[in-house]
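The values are calculated or read from the model by the stated rules, or taken from the named source; none is laboratory data. No experiment lies behind these values; they were computed from the predicted model shown. Here the Cβ positions follow ideal geometry from the backbone for every residue, glycine too, while neighbour counts run over all protein chains shown. Remember, those area values only see protein heavy atoms, side chains included, never the ligands or the DNA or RNA. Shrake-Rupley method; radii C 1.70, N 1.55, O 1.52, S 1.80 Å.
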Amino acid sequence: MAGTTNTNTEFEIRGFNHLALVCRDMAETVAWYDDVLGMKLVKTLELPGGRGQHFFLDMGNGVDGIAFFWFPGAPEGVRGESLQDRNGMTAIGTVNHIAFDVPADKMEEYAEKLKSKGVKVTQIINHSDSLEGGHQPNYDPATDEGDVFVRSMYFQDPNGTLLEFACWTRAFTDADVKHAPATAAGAPVNA
């Protein structure tokens with residue numbers, strides 16, 4: 001879209017926060033994106049209840065990212081089919097959700113704005129390290145001490161594509177990479 005002068009007057013969307021895809025083998029995927037494209041692993045999560053993994057890679061500018069889910073037992077992708085089940089699982093090789101990067105101070109305003117447009121929106125989720133990526137209900141940036149790493153709200157487009165407004169709340173460090181990626185067989189590779 002280089003050269004256009006369009007301005008979004010509804011929301012201050014600064015670009016993609018991350019694109020979340022589903023992989024067959026997290027170890028192979030992380031290695032490929034690192035070795036081939038030079039993207040570094042910056043955040044790892046084990047999903048509660050053994051539901052899988054969610055890993056984030058930095059595209060190289062410290063802002064834009066690509067993320068992958070690995071779900072044990074995820075079906076292979078079928079051309080022309082991709083909708084999340086109740087646990088958030090989608091087929092291998094499909095888009096899980098698209099996250100737009102928005103300013104942290106606009107989250108509450110944007111949730112209300114979407115609702116006013118008739119869009120069903122989740123609560124704002126404060127993904128925290130202490131809850132393995134789960135929701136921290138009481139978030140105060142002045143006292144959080146870096147536990148919450150991203151704030152998100154989810155909604156769908158008319159086609160059922162899951163969309164997210166997200167804002168990082170802190171920079172990642174080497175300490176954020178604490179899980180070995182799983183293989184297609186479900187076994188973590190020793191880091």
Test of understanding: in a Gaussian network model of the chain with alpha carbons linked when under 10 Å, which of 41, 114, 19 would top the mean-square fluctuation ranking? 114
Write down the percent of antiparallel bridges among all DSSP beta bridges whose residues are both part of the chain, to the nearest 5. 75
Using a 1.4 Å probe on the protein chains only, how many percent of the accessible area of region 71-122 belongs to carbon and sulfur? 51
If contacts are Cα pairs under 8 angstrom and at least 6 residues apart, what is the relative contact order of region 16-67 in percent? 39
If you split all Cα-Cα distances of region 2-95 into 10 Å bins from zero, what percentages do you get per bin, shortest first? 15, 40, 29, 15, 2
Which value, in Å³ per residue, describes the convex hull spanned by the Cα atoms of the chain? 149
Please give every one of the aspartates and glutamates within straight-line cross-link reach of residue 113, meaning a C-alpha to C-alpha distance under 18 Å, and leave out same-chain neighbours fewer than 8 residues apart. 10, 12, 101, 105, 157, 164
Compute log10 of I(q)/I(0) for region 53-103 with the Debye formula, placing one identical point scatterer on every Cα and leaving out solvent, at q = 0.15 Å⁻¹, to two decimals. -0.49
Please give every one of the lysines within straight-line cross-link reach of residue 43, meaning a C-alpha to C-alpha distance under 20 Å, and leave out same-chain neighbours fewer than 8 residues apart. 178
Heavy atoms of residue 22: accessible area, 1.4 Å probe, square angstrom to 10: 10
Rounded accessible area of residue 105 (nearest 10 Å², 1.4 Å probe): 120
Tell me, what is the FRET efficiency for residue 14 and residue 145 to the nearest 0.05, using R0 = 22 angstrom and their Cβ-Cβ distance as r? 0.30
What number, in percent, do you get for the relative contact order of the chain if the mean sequence gap of Cα pairs under 8 Å and at least 6 apart is divided by its residue count? 25
Under 26 Å Cα-Cα from residue 115, which lysines qualify once same-chain neighbours fewer than 8 residues away are excluded? 106
What residues have an amide H closer than 5 Å to that of residue 125, excluding those fewer than 5 places away on the same chain, when H is modeled at 1.01 Å from N in the peptide plane? 152, 153
Phi-based couplings in Hz for region 144-149 (Karplus 6.51, -1.76, 1.60; Gly and Pro marked x): 5, 6, x, 5, 7, 10
What is the helix-to-structure angle for 107-116, meaning the angle in degrees between its Cα long axis and the longest Cα principal axis of the chain, kept from 0 to 90 and rounded to the nearest 10? 70
Roll a 1.4 Å probe over the protein chains and send me the accessible area per residue for the chain in Å². 57
